[in-house]
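Notes follow the structure.
The values are calculated or read from the model by the stated rules, or taken from the named source; none is laboratory data. None of these values were measured; they are calculated from a predicted model. Positions of Cβ are generated from backbone atoms using ideal geometry, with glycine treated the same way; all protein chains shown enter the neighbour counts. Only protein heavy atoms, including side chains, enter the accessible area calculation; ligands, DNA and RNA are left aside. Shrake-Rupley method; radii C 1.70, N 1.55, O 1.52, S 1.80 Å.
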Amino acid sequence: MSASERRAAAGLAAIFSTRMLGLFMVLPVLAIHAHDLPGATPILVGLAIGAYGLTQALFQIPLGLLSDRIGRKPVIYGGLALFLLGSLVAAMADSIQWIILGRVLQGSGAIAAAIIALTADLTRDEVRTKGMAAIGISVALSFAAALVAGPPLTAWIGISGIFWLTALLAIGGMLVLAFVVPDPEHSTMHRDSQPVLEQLAGVVRNPTLVRLDLAIFMLHLTMVSLFVVLPLSLRDAGLPLADHWIIYLPAVLLAILAMVPFIVLAEQRGQARPVLLGSVSVLAFSMLGFFLFNQSLWVVGVLLVVVFTIFNLLEAVLPSLVSKAARAGAKGTAMGVFSSSQFVGAFLGGLLGGIAHETFGADAVYLVGALTSLIWIGLMMTLSIPENLTRHVLALGATPASDALGLEQRLLEVPGVKEVVIALDEGVAYLKVDSRQLDWARLRAFSSASA
């Protein structure tokens with residue numbers, strides 16, 4: 001990557017991660033503090049925890065499409081402004097209803113698609129994966145940091161202080177966007193990085209993609225419902241809120257190490273189906289373990305290692321499967337729907353967790369995750385694992401529209417090329433290839449001929 005590309009990737013990853021840090025930092029603490037607010041009920045507390053997911057899901061794809069029309073940075077500034085407003089509303093809230101409104105506003109600043117699109121604008125095709133990887137890593141680190149930092153920070157500055165801090169993070173994101181992230185020379189459509197409206201129907205009709213969307217939906221439903229009551233269980237087991245990091249920190253670190261061999265099995269050894277089925281089955285037993293033994297800090301600590309391992313593992317494997325299942329040139333749209341499904345799951349996880357808490361008691365919430373996992377097992381058994389093909393973007397230069405069909409046919413004749421989509425507006429061809437069979441020299445000749 002060039003210096004400009006590194007700067008862009010680092011800046012955009014920082015914006016993405018600070019925003020997610022602000023959303024997640026209240027996750028391990030809100031369940032305790034929200035119950036003390038006027039008007040609080042378990043259902044409303046659960047809604048406050050997951051409310052951001054609904055507006056995040058509703059606005060993510062539309063704001064991404066809007067960035068194609070008015071530019072990436074204006075949309076990102078607007079999203080950060082909404083996030084700032086929501087944080088301020090929640091910081092000054094004197095009732096649970098105002099907390100919910102603040103979380104709804106935070107989620108409405110859904111800038112993920114615009115950030116991904118700007119990353120694509122500011123990086124070359126051959127290094128774009130590195131830029132996207134930087135953003136993915138930053139999100140994973142933000143989640144881990146939020147769990148560890150949230151409890152002691154809340155004990156120090158209070159829940160309102162967390163929201164004030166979140167507001168400062170939003171302002172910091174605006175400053176990074178203004179002074180660190182370069183302005184793109186021009187913005188263009190990148191079909192493998194951002195949603196395309198015309199592709200939505202095909203994506204939602206693809207049975208493999210639908211199952212993967214449901215999988216990420218169920219994963220986040222389970223995780224958010226867990227945090228509706230887990231902080232309460234830790235407190236009731238004798239661990240003060242300020243010390244909850246003592247449980248979370250080793251669990252997060254051990255989980256990062258534990259997931260690595262399973263990722264190797266899924267990605268390099270072709271064992272994605274057993275890894276998925278095994279993960280979801282273990283998740284079901286883990287949630288049942290929380291239900292039975294949530295008063296034992298040792299048991300809860302072990303279960304958290306298992307659950308965080310599964311969460312991190314599936315957060316890596318499921319997007320990889322989406323990338324493989326999506327047709328050439330449709331990855332951006334497939335990932336947009338996938339991400340929206342994730343946030344719908346977060347919203348319903350909070351809502352269903354709150355309903356279960358209010359109706360059946362706190363311990364019953366763990367059964368929401370267990371039952372969800374049982375349904376999920378059946379879903380994974382019918383999942384068709386996509387062929388292990390690699391995506392490749394071939395620069396074409398100026399290609400007349402009349403030559404597009406013939407060029408597509410000639411590309412499909414290259415050994416190892418399985419799918420081709422010619423994007424004349426971008427001057428590229430999106431390919432899915434079998435790297436073991438691909439004739440790279442013959443493929444590169446097309447790019448040279450078009451130069």
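Below is a table of values for the structure above.
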| quantity | calculated |
| --- | --- |
| Kirkwood Rh (inverse of mean 1/r, distinct Cα pairs), segment 67-208, angstrom | 17.1 Å |
| Gain upon complete extension [Leu175, Val302; 0.36 nm per residue less C-alpha separation] | 41.7 nm |
| Restraint check, Lys324/Lys418; Lys73/Lys432; Lys130/Lys324; Lys130/Lys418, Cα-Cα greater than 21 Å | Lys73/Lys432; Lys130/Lys418 |
| Gain upon complete extension [Ser384, Arg69; 0.36 nm per residue less C-alpha separation] | 109.7 nm |
| Cβ-Cβ FRET estimate between Arg205 and Arg269, R0 fixed at 25 Å, reported to 0.05 | 0.20 |
| Ordering of 191-201, 348-358 by packing [mean C-beta count within 10 Å, highest first] | 348-358, 191-201 |
| Accessible surface, per residue, of segment 47-108 when the full set of protein chains is kept, probe 1.4 Å, Å² | 36 Å² |
| 222 nm mean residue ellipticity, helices alone, for the chain (DSSP H n ≥ 4; -39,500 (n - 2.57); rounded to 500) | -25000 deg cm²/dmol |
| Folded to 0 to 90 degrees: helix 3-24 orientation relative to the chain principal axis, Cα | 30 degrees |
| Estimated dipole of the chain in Debye, rounded to 20 [Cβ of Lys and Arg +1, of Asp and Glu -1, Cα centre] | 540 debye |
| In segment 95-172, the chymotrypsin sites (Phe, Trp or Tyr not before Pro) that fall in loop regions by DSSP, at most 11 other Cβ within 10 Å | none |
| Label-point gap, in nm, between Leu253 and Leu168 - each point 7 angstrom along Cα→Cβ | 2.6 nm |
| Average Cα contact separation per residue, the chain, under 8 Å, 6 or more apart, as relative contact order % | 21 percent |
| Rounded tilt (10° steps) of 96-108 against the dominant C-alpha axis of the chain | 10 degrees |
| Fraction of accessible area attributable to carbon and sulfur, the chain (%, probe 1.4 Å) | 67 percent |
| Ratio of Rg to Rh over segment 126-267 (Cα coordinates, Kirkwood Rh, two decimals) | 1.03 |
| Dimensions in Å of the chain - Rg and Dmax from alpha carbons | 22.5, 73 |
| Gain upon complete extension [Phe360, Arg444; 0.36 nm per residue less C-alpha separation] | 24.0 nm |
